[in-house]
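A.B. asks: Okay, here's the structure, questions in a sec.
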Amino acid sequence: MDKAQIKTAFLAQMHSPEQMQVLFNHLPDVWYFLKDRQGRFILGNDQFVRQCGAQTEEEIIGKTDFDFFPLGRAQSYVKDDNFVMDTGQSIIDRVELAPDPGNSINWFITTKVPVYSSCGEIIGLAGTARDITRAGLALQPYSEMRVVLEYVGEHFSQPIEIKELAKLVHLSVSQFERRFRRLFQISPLKHLMRVRIRAASVRLTSTNDTIAAIALDCGFYDHSHLTRNFRKFMGVSPKEYRKRYTGQSMGFV
């Protein structure tokens with residue numbers, strides 16, 4: 001029996017994907033989930049279940065991203081899912097910004113791969129996500145920007161200049177901007193804006209604060225500055241977003 005036959009014979013004996021779930025339950029910085037072709041959750045490890053705002057896995061089975069996450073995020077997740085399932089191509093180590101379970105704004109590294117049936121048909125996908133900060137930023141080459149990400153996360157409500165961020169990593173402004181864009185496929189300024197927008201979106205759905213107050217608290221000049229940029233990034237105004245998603249959890253898949 002050659003190596004390929006050994007592998008095939010072993011996998012054929014596996015009873016169910018739940019066997020692998022035990023492993024993921026013991027990796028505290030990893031979110032793991034499995035979806036069917038319709039985008040319904042089939043299983044998720046303990047960390048992912050909590051990310052959805054649920055207490056038990058049974059609460060997420062059969063439901064979709066739209067049951068747990070705001071429309072804009074859910075649509076983004078489903079778009080990626082459909083790409084994987086329609087093309088059979090995996091999404092590997094994509095770096096993206098999203099709220100974590102505590103509604104902090106962090107960078108995550110996500111991977112999604114197609115799941116095949118015994119007949120070779122794509123029947124769903126499996127995915128993982130890792131919070132770069134919680135993982136200790138051991139995931140290179142992102143570690144060099146750890147201090148920048150932490151600084152923006154802690155001070156986004158205050159005025160921040162790019163030269164301040166460049167100084168944190170001992171680079172010139174031009175060097176810093178090039179390196180940041182190469183790592184995260186986004187400019188430092190756009191990252192700062194996204195952090196502020198995400199923070200505002202959390203406040204809009206979890207508090208009764210006025211939009212003007214949220215704007216100032218999240219680093220915007222005023223109500224109109226927030227509204228203009230919020231609409232650009234989220235597709236709706238802050239007022240419309242609050243009306244649609246108040247009471248919904250903010251999460252990551």
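Values quoted throughout were computed directly from the atomic coordinates according to the rules given, and no laboratory measurement underlies them. Quick caveat: nothing in here was measured; it's all calculated off a predicted structure.
A.B. asks: Distance cut-off 31 Å, Cα to Cα: go down the list Lys163/Lys232; Lys63/Lys243; Lys79/Lys167 and report the pairs above it.
C.D. replies: Violating the 31 Å limit, Cα to Cα: Lys79/Lys167.
A.B. asks: Moving on to the next point. When the Karplus curve 6.51 cos²θ - 1.76 cosθ + 1.60 is applied with θ = phi - 60°, which whole-Hz ³J(HN,Hα) does each residue of region 211-227 get, with x for Gly and Pro?
C.D. replies: Whole-Hz 3J(HN,Hα) from phi for region 211-227: 5, 5, 5, 5, 4, 5, 5, 9, x, 8, 5, 6, 4, 5, 4, 5, 4.
A.B. asks: Let me ask you something else. Just to check I understand the Karplus step: with θ = phi - 60° and J = 6.51 cos²θ - 1.76 cosθ + 1.60, what whole-Hz values come out for region 71-78, glycine and proline as x?
C.D. replies: 3, x, 5, 4, 4, 5, 5, 5
A.B. asks: Aspartates and glutamates near Lys239 by alpha-carbon distance under 17 Å, same-chain residues fewer than 8 away left out - which ones?
C.D. replies: Asp209, Asp217, Asp222
A.B. asks: Through the Karplus equation 6.51 cos²θ - 1.76 cosθ + 1.60, θ set to phi - 60°, convert the phi angles of region 198-209 into ³J(HN,Hα) values in whole Hz; use x for Gly and Pro.
C.D. replies: Once θ is set to phi - 60°, the couplings for region 198-209 become 5, 5, 5, 5, 5, 5, 5, 9, 10, 9, 9, 4 Hz.
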